[in-house]
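Novice: Please read through the structure below; I'll follow up with questions.
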Amino acid sequence: MTLAHLPTQAQVITNQQLGFVSDAEGFIFLSAFLTGRIFGHVANESGFPAVIKRLWTRALRLYGYHLFPLGIAFTVVAAVAIHTKRPGVQGLLDFYLAHPIHA
């Protein structure tokens, strides 16, 4: 999943579908399947309110994990993009570089 989103030559290989399933569909299916397997046991043992609480806790933790690399991308990587003038990285951060306050 990470290789599919990086602006490198690895995209040629990773952007191909596997049969009838794209990367996004496969990721969503695996996420839903594992969530059902994990929290299905919790629902049987503790009830539905416990599942809701744990799912919200998990979602907030995952969003926190997502915000950390985004913060690095919009600070460190943006600074490197400005100084090295790499078009692949500048293209990804184009709007942020043009309008940093609004972005």
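The values are calculated or read from the model by the stated rules, or taken from the named source; none is laboratory data. Quick caveat, the model's predicted, so the values are computed rather than measured. When we count neighbours, we look across all protein chains shown, and the Cβ atoms used for this are built from the backbone with ideal geometry, even at glycine.
Novice: Could you say which residue among ALA24, ALA32 is loosely packed, with under 13 Cβ neighbours inside 10 Å, in the same structural domain as HIS5 (by TED's automatic domain parsing) and under 22 Å from GLN9 (Cα atoms)?
Specialist: ALA24
Novice: May I pose another question? Without any contact (Cβ under 8 Å) to a residue 24 or more places away in the chain, under 22 Å from HIS5 (Cβ atoms), surrounded by 11 or more Cβ atoms within 10 Å (Cβ to Cβ) and of a type outside the set (A, V, I, L, M): is that true of ARG61 in this structure?
Specialist: Judged against the criteria, ARG61 is not a match.
Novice: For the range 67-103, name all the residues that are assigned to a loop (DSSP other than H, G, I, E, B) and under 18 Å from the mean Cα position of the chain (by Cα).
Specialist: Correct list: LEU93 only.
Novice: Starting from the range 17-38, take each residue that is closer than 18 Å to LEU55 by Cβ and list its partners that are at pLDDT 80 or above and surrounded by 11 or more Cβ atoms within 10 Å (Cβ to Cβ), counting only C-beta distances under 8 angstrom and pairs at least six apart or across chains.
Specialist: Qualifying pairs under 8 Å: THR35/LEU55.
Novice: Would you mention how many residues in the range 76-93 are surrounded by fewer than 10 Cβ atoms within 10 Å (Cβ to Cβ) and under 16 Å from ALA103 (Cα atoms)?
Specialist: 0
Novice: Tell me yes or no: at least one residue of the range 39-47 is out of contact with any strand residue (DSSP E or B) (no Cβ under 7 Å at 6 or more places or on another chain), on the phi > 0 side of the Ramachandran plot and not acidic (Asp, Glu).
Specialist: Among the residues of the range 39-47, at least one is out of contact with any strand residue (DSSP E or B) (no Cβ under 7 Å at 6 or more places or on another chain), on the phi > 0 side of the Ramachandran plot and not acidic (Asp, Glu), which makes the answer yes.
Novice: Does THR8 satisfy being part of a loop (DSSP other than H, G, I, E, B) and not aromatic (Phe, Trp, Tyr)?
Specialist: yes
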